[in-house]
């Protein structure tokens, strides 16, 4: 009888231990993994976003750097509107309008012609495809942020390093820093990021203007 009770008790302990092992991945998820999950959840609650950006590129082996700023409206179905000084790109998911304001000229192309080029909206999403390596706290724009070093191997030789700075408030991105295959470092500051409850397809279509030539290259 004692042997039976002992066997029963040992069996219970084994089942409890097994439950802990099965639950371990979720129960003991790292803080960095949890923050990445929160950031994914923040994006999944909307289908369109608008933000301003500033990007500084530090060229490898040079004291020179490049700078660009602008704004992006991005939505599902490959729709986006990228505005930078002197230039704009509209995409309605099928067609792309590239407007050179100085030349008063618009090139109209098929979205397929952009294949192989970085989709502008990937600035906002690409870090979500990477696994976190480490986590630290810092400040950006006077606010607390969580800085996560990422494994960019998903992108092959395009990047040798990547980190994302997430708002401590809602895990939305405020900065992305990438190092490409030749050592150029790009720092993207993401400003005024907001979810858009509603967008119209007309928001992503270039509207014809006087004295602006449209060259259809489709």
Problem set entry | Exclusive hit being farther than 30 Å from residue 204 by Cα, assigned to a loop (DSSP other than H, G, I, E, B) and either touching a helix residue (DSSP H, G or I) at 6+ places or on another chain (Cβ under 6 Å) or in the same structural domain as residue 195 (by TED's automatic domain parsing) (or both), set 62, 46 | 62
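Taking segment 34-46 on its own, how many of its residues are touching a strand residue (DSSP E or B) at 6+ places or on another chain (Cβ under 6 Å) and surrounded by 14 or more Cβ atoms within 10 Å (Cβ to Cβ)?
As a first pass, look at segment 34-46 and keep what is touching a strand residue (DSSP E or B) at 6+ places or on another chain (Cβ under 6 Å): 35-36, 39, 46.
Still in the running and surrounded by 14 or more Cβ atoms within 10 Å (Cβ to Cβ): 35-36, 39.
Qualifying residue count, segment 34-46: 3.
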Exercise. Quick one: would you say residue 82 is out of contact with any helix residue (DSSP H, G or I) (no Cβ under 7 Å at 6 or more places or on another chain) and either without any contact (Cβ under 8 Å) to a residue 24 or more places away in the chain or in a strand (DSSP E or B) (or both)?
Worked result: yes
Exercise. Conditions: (1) over 22 Å from residue 74 (Cβ atoms); (2) within 15 Å of the chain's Cα centre (by Cα); (3) surrounded by 19 or more Cβ atoms within 10 Å (Cβ to Cβ). Residue 150 meets all but one. Number of the miss?
Worked result: (1)
For this session: Might you let me know whether segment 181-195 holds any residue that is closer than 19 Å to residue 77 by Cα and surrounded by fewer than 18 Cβ atoms within 10 Å (Cβ to Cβ)?
Result: yes
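The values are calculated or read from the model by the stated rules, or taken from the named source; none is laboratory data. Only a predicted model underlies this, so the values are computations on that prediction, with no experimental measurement involved. Neighbour counts are summed over all protein chains in view; Cβ atoms, including those assigned to glycine, are modelled from backbone coordinates with ideal geometry.
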